[in-house]
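Chemist: Once you've had a glance at the structure underneath, I'll fire off some questions.
The values are calculated or read from the model by the stated rules, or taken from the named source; none is laboratory data. In this text, all values refer to a predicted model and were calculated from it rather than measured experimentally. Because the Cβ atoms are built from the backbone with ideal geometry, glycine has one as well, and the counts that use them run over all protein chains shown.
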Amino acid sequence: MNPLPSELLKQLDSLDTLQLAWLSGFCWARSGSAAAPVAAAEPVPDSSVAAPLQVTVLSASQTGNARGVAAELTEALKAQGIAARHIGAADYKPKNLAEEQVLLLVSSTQGEGEPPEEAVSLHKFLHGKKAPQLKGLQFAVLGLGDSSYPKFCGAARDFDERLAALGATRLADAGECDLDYQAAAAAWVQHIVSTVQALAPHSPNTAATAAAPVSAAAYNKENPFAATLLTRQKITGRYSDKDVRHIELDLAGSGLQYQAGDALGVWFDNDPALADEILAAVGLAEDAALREALIHDLEITQNTPQFVRGYAAIAQNPALDAAIGEDINAFVQAHPIVGIVQQYPAVLSAEQLRGLLRPLTPRLYSISSAQDEVGEEVHLTVGALHYRHNGHSREGGASGFLTRRAEEDSSIRVFVEPNPNFRLPENDAAPVIMIGSGTGIAPFRAFVQQRAARGAEGRNWLIFGNPHASEDFLYQTEWQQLAKDGYLHRYHFAWSRDQEEKVYVQHKIREQAAEVWQWLQQGAHVYVCGDAARMAKDVETALIEVIAAQGGMSRDDADEFLDELRQEKRYQRDVY
């Protein structure tokens, strides 16, 4: 039986397509439907306001995924006649929050649940003394993350909670997406568009506009280029604890363009021997089709809480349950997938194993060359991940592929991932301070190559750290030649294990405090690349201390000074 009265059905027949679309979204949002991808709060339209609703879509992106989802959301809103603008967090003035009507934030997460680099200023503002009350703001947050990390989508959750704490009204609960985010993000976008439509049913901007055609690059993440592996050279010494390789790939014929500071996405194949170990442990050694999937399509080197919970539910092994204990994240970090299925074996079906594993995703590496210098090549600086577990030697999925398994002259599927928030200054006369450790030196090699290629007169200062000068001085002869040619004007090296007391890059910053302050006063741009959890935090602390001491400021004022540099794009970080 049709639940709608016949009179209402006749009225529906008189509506045009746009009116029906709006009504559908309005009813769906009002219903609180259990089928919704996220639970929605009831919108609060204000029919007394004649001006069209203004929507700001803000992206806080680390690798470009959040930026892409935000762009899709913006176009979907515009297609429904909604006045929407998309802006990256790095270009957004946090003080404008109090003037916003609707804010839709798409945020990735980095490190230990921290905001992506371009959203650090926004995060500081929201948690600082100057954060405004936001009772006139309606908002929704979508998080993109990686469930192998303990604080999955931690930045998005934090933004969502803080906006609500400041009085803003949620349009929907915070959405959360894993690495295979596309389907979940699309559902969230669809839901939010319907919800926002219901906020402004009388907006005069009702004519749907067709989105402008977007000219996609010939090669991208979905359609990678098959680059030839030209060179793979070890650049750490024989006695180094690290295995770092310089890798050169041929992009000839691709048309791919990149800038110093960008990243290269690399699709890789898993180690066939690792796939065989996993299949043997779960009783599927004879399944050739599944073996191909484990090598080419499924993630088998990064463990996740979802895998552990799912496998434990199937295995029903008391010893495994006891080992997991109360802290599943600690267990995940300490045990690879292959270690779990070998130590706590259970017979699985092919469907069960597939269901426990995530799709394989590409890895991103900072590009260590300038295209003006190397032409149709792209260079990477890759540290091979090696570790032992239960007496077995293990390696990283992508790093093992690039540094060991891929043969020279073979093809590697790649794409360029732009990083607009890690760029050299447009002014070639501006001084540059580059701070990094380990493979964090990669983009700085590209930076100085780029400045040398265009004859930039600005001074360049490198502060670099690694364990031993004799074993871990990455690109030593190149830096020496750049200094001789007048393109590396200052350099300080922190060899942490060459003396009894450990020395790191933050110590060099403090030692050179007066010079660092002088360079900042002369307009220097500061860049940091490397480990987010330790090095980048220690460097930021050192910079704040230097600014406070040399500038005669309180610590809070020095912190604000550094954040102003960040907003001016004079303090940029590429951390992971």
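Chemist: Report whether or not R238 is assigned by TED's automatic domain parsing to the domain that holds H386, of a type in the set (D, E, K, R) and not in a loop (DSSP other than H, G, I, E, B).
Modeler: In short, no.
Chemist: Look through L73, L105, L126 and report the one residue that is farther than 23 Å from A184 by Cβ and modelled with pLDDT of 95 or more.
Modeler: Sole residue among the options that is farther than 23 Å from A184 by Cβ and modelled with pLDDT of 95 or more: L126.
Chemist: Inspect all residues belonging to the range 307-319 and state whether any of them is within 25 Å of L385 (Cα to Cα) and either part of a helix (DSSP H, G or I) or not polar (S, T, N, Q) (or both).
Modeler: yes
Chemist: Still on this model: Take the range 508-548 and flag every residue that is over 29 Å from Y365 (Cβ atoms), out of contact with any helix residue (DSSP H, G or I) (no Cβ under 6 Å at 6 or more places or on another chain) and either of a type in the set (A, V, I, L, M) or at pLDDT below 95 (or both).
Modeler: If the condition is that a residue be over 29 Å from Y365 (Cβ atoms), out of contact with any helix residue (DSSP H, G or I) (no Cβ under 6 Å at 6 or more places or on another chain) and either of a type in the set (A, V, I, L, M) or at pLDDT below 95 (or both), then A514, L520 are the ones that fit.
Chemist: So S59 passes all but one of these: (1) over 16 Å from the mean Cα position of the chain (by Cα); (2) among the small types (G, A, S); (3) at pLDDT 90 or above. Which condition number does it fail?
Modeler: So the condition that S59 fails would be (1).
Chemist: Consider E292 carefully, then state whether it is surrounded by 15 or more Cβ atoms within 10 Å (Cβ to Cβ) and acidic (D, E).
Modeler: no
Chemist: Another question, then. For M553, all conditions in the list (1) buried (at least 19 other Cβ atoms within 10 Å of the Cβ); (2) modelled with pLDDT of 95 or more hold save one; what is the number of the exception?
Modeler: The single condition M553 does not satisfy is (1).
Chemist: Report every pair of residues separated by at least 6 positions or lying on different chains whose Cβ atoms are under 6 Å apart, first residue within the range 368-390 and surrounded by fewer than 23 Cβ atoms within 10 Å (Cβ to Cβ), second aliphatic (A, V, I, L, M) and not in a strand (DSSP E or B).
Modeler: Filtered contacts from the range 368-390: D372/A453; E373/A453; E376/L251; E376/A252.
Chemist: Pick out, from the range 507-567, the helices (runs of 4 or more DSSP H) lying fully within it that include 1 or more residues that are in the same structural domain as V448 (by TED's automatic domain parsing), closer than 21 Å to R490 by Cβ and polar (S, T, N, Q).
Modeler: 513-521, 535-551
Chemist: Among the listed residues A71, A90, which satisfies the condition of being assigned to a helix (DSSP H, G or I), within 21 Å of the chain's Cα centre (by Cα), surrounded by fewer than 20 Cβ atoms within 10 Å (Cβ to Cβ) and not β-branched (V, I, T)?
Modeler: Matching residue, one of A71, A90: A71.
Chemist: Of the residues A384, A398, A429, only one is under 30 Å from V526 (Cβ atoms) and in contact with a helix residue (DSSP H, G or I) (Cβ under 6 Å, 6 or more places away or on another chain); which?
Modeler: Among A384, A398, A429, only A384 is under 30 Å from V526 (Cβ atoms) and in contact with a helix residue (DSSP H, G or I) (Cβ under 6 Å, 6 or more places away or on another chain).
Chemist: Would it be correct to say that S215 is at pLDDT 55 or above and out of contact with any Pro (no Cβ under 9 Å at 6 or more places or on another chain)?
Modeler: Considered against the rule, which asks whether it is at pLDDT 55 or above and out of contact with any Pro (no Cβ under 9 Å at 6 or more places or on another chain), S215 comes out as no.
Chemist: With respect to V141, determine if the residue is surrounded by 24 or more Cβ atoms within 10 Å (Cβ to Cβ), over 20 Å from N419 (Cα atoms) and either touching a residue at least 60 places away in the same chain (Cβ under 8 Å) or not assigned by TED's automatic domain parsing to the domain that holds H191 (or both).
Modeler: Answer is no for this residue.
Chemist: Follow-up. Cβ-Cβ distance below 9 Å, separation of 6 or more or different chains: which pairs start in the range 409-431 with a residue that is on the phi > 0 side of the Ramachandran plot and end on one that is in a strand (DSSP E or B)?
Modeler: D409/T228; D409/L229; D409/L230
Chemist: If I go through the range 172-187 residue by residue, how many of them are part of a strand (DSSP E or B) and either among the aliphatic types (A, V, I, L, M) or buried (at least 23 other Cβ atoms within 10 Å of the Cβ) (or both)?
Modeler: Residues that pass the stated criteria total 3.
Chemist: Looking at Y487, Y504, which one is closer than 17 Å to A442 by Cα, of a type in the set (S, T, Y) and in contact with a strand residue (DSSP E or B) (Cβ under 7 Å, 6 or more places away or on another chain)?
Modeler: Answer to the selection: Y487.
Chemist: Which count do you get for residues in the range 93-130 that are assigned to a loop (DSSP other than H, G, I, E, B) and either touching a helix residue (DSSP H, G or I) at 6+ places or on another chain (Cβ under 6 Å) or among the charged types (D, E, K, R) (or both)?
Modeler: Within the range 93-130, residues that are assigned to a loop (DSSP other than H, G, I, E, B) and either touching a helix residue (DSSP H, G or I) at 6+ places or on another chain (Cβ under 6 Å) or among the charged types (D, E, K, R) (or both) number 8.
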